[in-house]
Amino acid sequence: MALYALIRAMPSNYVKQMTSGKPGVTDQLIEQLEKNYGLDSSIPEGYVKWAGNVIKGDFGTSFVYKQPVFKVINDKMWASFWLSFIALILELLIAIPLGIISATKQYSKTDYAITTFAFLGISLPSFFFAALLQKFFAMDLRIFPLQGMVTAREDYEGFRLLLDIGWHYCLPIIVFVVLGVGSLMRYTRTNMLEVLNSDFIRTARAKGLSEHKVIYKHAFRNTLIPIVTMVGGSLPGLFSGAIITEGIFAIDGLGYTALQALKFGDIPFLMGFNMFLAVLTLIGTLISDVLYAVVDPRVRLS
Amino acid sequence: MSVQNQTTVKPITPGQLILKRFLRNKLAIAGFAIIVGILLFVTVGLAVTPYGEYEIFYSEEINDKDVEITDPNQSVTGDNVEIYKKAKPNSRHLLGTDKDGRDVLTRLLHGGKVSLFIAFACILVELAIGVTLGGIAGYYGGWVDGLIMRLVDVINCIPSLPVMLIMSSIMIANQFPQKYKIYALIGIMSLLGWVGIARIVRGQILSLREQEFMVATEAVGLSTPRRIFKHLIPNVMPQLIVMATLGVGSVILTESALSYLGFGVPFPYASWGNMVNTVNDPIIMKNNLNMWVPPGVMILLTVMAFNFLGDGLRDAFDPKMKR
């Protein structure tokens, strides 16, 4: 509710934005338009109206896209989702092995190198890293396109289109992976260390099992429990998009759309978007709770 | 014999143990060194730099070459006089000048001051709110706890970046004075950020208050504030220090992202984030690395140093850690 008041208090009135600079627009017309968009009511009044519609399952119509908010979100979220999904898989493939290596060789040179790399990724500001990539790979070397999702003026179809999109996705995915891989790696390392210090690992070693077997059969499986729950919990978040990265690479995903909506004062879309984010967070928590019980046989839902 | 024993078996205080563990962590030491270095760089640099934050330089075209006007008495109004913009690094401007003819290095120093100030202030406010509310929730329990923790849940659900963007655009529209915007920024960021600290403090206090030493303080008849602040909070200190250190890094990142999007520290004030923002101009991205790479590297270095330090401190404080 406070969110609605905030958004309504925003400066960029969509009607004013639309009409400004157009001669022949009378005050009467503006009034009429404001009425059409529901901007004439006071803030509490508008909120009650909006909430009433939401209960009926109607999130309203986006001002900019002239389509139901739900449809706009549905249209845009897949670009964001595939981007983050591919990035997540790459992150897992890199982070888990490296995390295990740095845990088993704690305080070795390899561990320090991996840790430094992980922190480098965590600490990089996404916009700066994206700009560096654009500068070197897109501008100087011309290997990857600067931004956008498809090459302009080329009407690819089918597989070629997929390839083209993939080619455009490369740089954003690198940004996602480098930025996200660090925390996942640290998480793996911490959990692995904890498992390696537990009694059953000592037992396994005392039994005379090979180090390889101890780590990959006994320790690794137990490390997976928290990782699976965390990754499962983050799945819904993949739909939410990344405002900054999408903005820089002009990826037509949810984050980019939200930034545009913010500029134009697209109230129904912003409200829908924020609701969507809140729901995603809730679903994420739910999934990780359920997964925890599924993966770990010691936890039983009674 | 007994004298010898006394000298060889020296009791180590927990503090010394922590220090010892900390000093053995090379990355943490490196982080500490970088932080000290950056603080020195900013403070000494600001004292030494001869230029002002918004001082604009002019140049004169002599024989088809832009030559900077160095004489302060020379008039800067003339036909072939223009702003000394986008200059390459040279002896007078070690990092060149930006697109409005201001010294990049000087702005870098001022930006550092602003970014660090925001980060520290933000963490202090977050700590104050988080410790107080978390402490109250954990100590009293019951409906007070329920109320505070619901508030924490609600704030946790709010998507922070969109909300901050919305708030700043409201401030811009309502002609909020630029000078105070930095403080508003600190306020907003800490209002959204204290929940993590409150959670930790509450959790710790919930488990601590059942222990014997707390029963003892009650038996002795100490007052409630004294029990909270003298006996409970010091026990949460290690976690708080770690959270605060890691928090400084993340606040710098958030602030720079906001400034980068144009919603944070307002122009003409410099901040590392809004200096990197110049990269949005493709020509600058391509040709003027000196304008956007240094602030980016500064953000990276600072955030990384705080992360190293926080991580090292966490390891050092953890009594379970074996070396």
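The values are calculated or read from the model by the stated rules, or taken from the named source; none is laboratory data. This is a predicted model, so every value here is computed, not measured. Methodologically, a virtual Cβ is constructed for each residue, glycine included, from the backbone with ideal geometry; neighbour enumeration extends over all protein chains shown. We work out accessible area using only protein heavy atoms, side chains counted, and drop any ligands, DNA or RNA first. Shrake-Rupley method; radii C 1.70, N 1.55, O 1.52, S 1.80 Å.
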Per the helix-only model, chain B has a calculated mean residue ellipticity at 222 nm (DSSP H runs of ≥4, -39500 (n - 2.57) each, divided over all residues, rounded to the nearest 500) of -22000 deg cm²/dmol
Computed label-point distance, nm, for sites residue B:26 and residue A:67 using a 7 Å Cα→Cβ extension
5.5 nm
Fraction of alpha-carbon pairs over 17 Å apart in the stretch A:95-143 - percent
51 percent
With Rh as the Kirkwood radius over Cα pairs, the stretch A:167-232 has Rg/Rh of 1.17
Placed amide H near residue A:61: partners under 5 Å, 5+ positions off or other chain
A:69
In degrees, nearest 10, the alpha-carbon axis of helix B:14-24 is tilted away from the dominant principal axis of the alpha carbons of chain B by 40 degrees
Ordered by number, the GluC sites (Glu not before Pro) in the stretch B:194-298 that occupy a DSSP loop and have at most 11 other Cβ atoms within 10 Å are B:210
Given +1 on the Cβ of Lys and Arg, -1 on the Cβ of Asp and Glu, and no further charges, what dipole in debye does the stretch A:71-301 carry about its Cα centre, rounded to the nearest 20?
960 debye
At 1.4 Å probe size, with no ligands or nucleic acids counted, give the accessible surface of residue A:82 in Å², nearest ten.
130 Å²
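Tell me, what is the FRET efficiency for residue A:228 and residue B:17 to the nearest 0.05, using R0 = 45 angstrom and their Cβ-Cβ distance as r? Mind dumping the intermediate values first?
Working: r = 36 Å, r/R0 = 0.80.
Efficiency, from the Cβ-Cβ distance: 0.80.
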Could you tell me what percent of the accessible area of chain B is made up of carbon and sulfur, with a 1.4 Å probe and every protein chain present?
64 percent
Using the alpha carbon gyration tensor of chain B, what are the three equivalent-ellipsoid semi-axes (square root of 5 times each eigenvalue), largest first, in whole Å?
48, 27, 15
Be a star and scan the stretch B:257-282 for residues whose amide nitrogen sits under 15 Å from the point 7 Å along the Cα-to-Cβ vector of residue A:139.
B:276-282
Probe radius 1.4 Å, ligands and nucleic acids left out: can you give me the accessible area buried at the B-A interface, summed over both chains, in Å² to the nearest hundred?
3500 Å²
Considering the Cα positions of the stretch A:195-256, please state its Rg to one decimal place and its Dmax as a whole number of Å.
20.0, 57
Radius ratio Rg over Rh of the stretch B:158-267, counting only Cα atoms, Kirkwood formula for Rh
1.17
I want to check the label-to-label distance for residue B:184 and residue B:99. Put each point 7 Å from Cα in the C-beta direction and report it in nm to one decimal.
2.5 nm
Dividing the alpha-carbon radius of gyration of the stretch A:71-301 by 2.2 N^0.38 Å (N being the number of residues), what value is obtained?
1.19
On full extension of the chain, what length is gained from residue A:183 through residue A:250, given 0.36 nm per residue of separation minus the C-alpha to C-alpha distance?
21.5 nm
What distance in nm lies between label points placed 7 Å from Cα along the C-beta direction at residue B:124 and residue A:108?
4.6 nm
Under a 5 Å amide H to amide H cut-off, with H placed in plane at 1.01 Å, what residues pair with residue B:58 once short-range neighbours are removed?
B:69, B:84
